[in-house]
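K.L.:
Have a look at this one before I ask anything.
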Amino acid sequence: MNKLFRSFTDAIADIPDNATIMMDGFGGPGGMPQQLILALREHGAQKLTIISNTAGLPGFGTIGGDLAITHNVLIENGQVQKVIASFPVSPSPSRPNAFEQLYREGSIELELVPQGTLAERIRSGGAGIPAFYTPTGVGTPVALGKESRFIQGREYILESALTADYAFIRAKKADTLGNLVYTGTSRNFNADMAMAAEVTIAEVDEIVEIGDIDAEIVMTPGIFVQRIVKR
């Protein structure tokens, strides 16, 4: 199976309207799949659900001189109908991001998830675990409408696993089988998202031959990666 794609446009060409897409990215070195995001903007798929740590904070998830391109551009372009995230708002109340503005207008939906719970929901989706109990969020709006139970005298709420149609992954290096190595903070969600999506698309800085990556440092095995595109 040839996993190498010649362009970002080709790699995302089959993404339909109403797709659910996981997108990695975290503050600091590591980066976001910026070229995949830009290609999806040009592609124009509508009514997307985005699962990510943020709702696209400018400057988050960039490396060095990279432009501050995040999934915020998809929200600005009117392509997103729902965001599942931990930190969807701007760090500055005086500078609301595109998501905040649309949310206040009632034009976009939010499912707010505590960060640790978000990571575990994604990991559970990849591991085939349909749901789990957690004490995080008990007694807060996060628990509204969710099943709860007491276990050994402590209250827990039931959280469901998250899966997606596609995952956009940013990696430092890949071999032609799709084995991936990350850098910096991009390790936070990438590996879990790659396992939880039907189709994982990796935007990478370098592609090497099979055997050029030491098996001991592979962070995502190639079995979870279907498409690879070099930046």
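The values are calculated or read from the model by the stated rules, or taken from the named source; none is laboratory data. Everything numeric in this text was worked out from a predicted model, so none of it was measured. Glycine gets a Cβ as well: all are built from the backbone with ideal geometry, and neighbour counts include every protein chain shown.
K.L.:
Which pairs do you get when a residue that is hydroxyl-bearing (Ser, Thr, Tyr), found in region 91-104, comes within reach of a residue that is at pLDDT 90 or above, reach meaning Cβ atoms under 7 angstrom, with the pair 6+ apart or on two chains?
P.N.:
Partner pairs satisfying both residue conditions: TYR103/LEU110.
K.L.:
OK, next. Does any residue of region 156-164 turn out to be without any contact (Cβ under 8 Å) to a residue 24 or more places away in the chain and surrounded by fewer than 23 Cβ atoms within 10 Å (Cβ to Cβ)?
P.N.:
Yes, that holds for at least one residue.
K.L.:
Restricting attention to region 101-122, which residues are of a type in the set (Ser, Thr, Tyr) and within 16 Å of ILE157 (Cβ to Cβ)?
P.N.:
Within region 101-122, just THR117 meets the criteria.
K.L.:
Still on this structure, please answer the following. Of all residues in region 162-203 being touching a Phe, Trp or Tyr at 6+ places or on another chain (Cβ under 8 Å) and polar (S, T, N, Q), which is modelled with the highest pLDDT?
P.N.:
Here the answer is THR200.
K.L.:
Let me ask something additional. Looking for something assigned to a loop (DSSP other than H, G, I, E, B), modelled with pLDDT under 80, more than 14 Å from GLU203 (Cα to Cα) and aliphatic (A, V, I, L, M) - is there at least one such residue anywhere in region 17-31?
P.N.:
So far as region 17-31 goes, no, none of its residues is assigned to a loop (DSSP other than H, G, I, E, B), modelled with pLDDT under 80, more than 14 Å from GLU203 (Cα to Cα) and aliphatic (A, V, I, L, M).
K.L.:
For region 125-137, indicate whether the set of residues that are among the β-branched types (Val, Ile, Thr), over 23 Å from MET193 (Cα atoms) and not in a strand (DSSP E or B) is non-empty.
P.N.:
Among the residues of region 125-137, not one is among the β-branched types (Val, Ile, Thr), over 23 Å from MET193 (Cα atoms) and not in a strand (DSSP E or B), which makes the answer no.
K.L.:
Report, by residue number, each residue of region 92-117 that is of a type in the set (A, V, I, L, M) and out of contact with any Phe, Trp or Tyr (no Cβ under 7 Å at 6 or more places or on another chain).
P.N.:
Of everything in region 92-117, those that are of a type in the set (A, V, I, L, M) and out of contact with any Phe, Trp or Tyr (no Cβ under 7 Å at 6 or more places or on another chain) turn out to be ALA98, LEU102, LEU112, VAL113.
K.L.:
Also: Would a scan of region 162-170 turn up a residue that is touching a Leu at 6+ places or on another chain (Cβ under 9 Å), of a type outside the set (S, T, N, Q) and farther than 30 Å from ALA13 by Cβ?
P.N.:
Within region 162-170, not a single residue is touching a Leu at 6+ places or on another chain (Cβ under 9 Å), of a type outside the set (S, T, N, Q) and farther than 30 Å from ALA13 by Cβ.
K.L.:
Can you list the strands (runs of 3 or more DSSP E) lying wholly within region 144-231 that have 2 or more residues being more than 22 Å from the chain's Cα centre (by Cα)?
P.N.:
Hits in region 144-231: 148-151, 154-160.
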